[in-house]
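Novice: What follows is a single structure, and I will ask about it in a moment.
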Amino acid sequence: MIKGINRRVVEITSTDSEYFEKAVLYVKSDKRDIPPARLEEEAREYMGRIAPHDKPQPIPLALKLGTAAVSAVAVTLLIYLLICL
């Protein structure tokens, strides 16, 4: 079967991924009149949603402070119990 070769594609060569070298996205036939800059913008946004994230998400400051506060209370309680008993 021969498929039509009259297709428009967007090729992303800088994926910022350790796993993927490049991506090729085929433009829908009813969207061919969209300017190339807009298509590239949409392609990069789409790639950002589906590409694996290499860096782990940082621990939020509130979680760090909460953990520190709970630890301080636990140590204080332990010291109190050792002194009073």
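Please treat every number below as a calculation from the coordinates, not as lab data. As the structure is a prediction and not an experimental result, all values here were calculated from the model. Reconstructed Cβ throughout: ideal geometry from the backbone, glycine too, with neighbour counts over all protein chains shown.
Novice: Which is the longest run of the chain containing none of the trypsin sites (Lys or Arg not before Pro) found in DSSP loop states (not H, G, I, E, B) with at most 12 other C-beta atoms within 10 Å?
Specialist: So the longest stretch without any such site is 33-85.
Novice: Magnitude of the Cβ-charge dipole of the chain, K/R +1 and D/E -1, about the Cα centre, nearest 20 debye?
Specialist: Details: 12 positive and 11 negative charges, 55 e Å.
For this selection, approximately 260 debye.
Novice: For labels at residue 63 and residue 11 in the simple 7 Å Cα→Cβ model, what's the distance in nm?
Specialist: Here the answer is 4.1 nm between the modelled labels.
Novice: How fast does the chain diffuse by Stokes-Einstein, in µm²/s, taking the Kirkwood radius from C-alpha pairs at 10 °C and 1.306 mPa s?
Specialist: In µm²/s, the coefficient is 88.
Novice: Where does helix 61-84 land angle-wise versus the long Cα axis of the chain, in degrees 0 to 90, nearest 10?
Specialist: Helix 61-84 sits at roughly 20 degrees to that axis.
Novice: Under the rule of at least 5 residues apart or a separate chain, name every residue whose amide H is placed under 5 Å from the amide H of residue 8.
Specialist: 27
Novice: I want to check the label-to-label distance for residue 70 and residue 46. Put each point 7 Å from Cα in the C-beta direction and report it in nm to one decimal.
Specialist: So the label points at residue 70 and residue 46 sit 4.3 nm apart.
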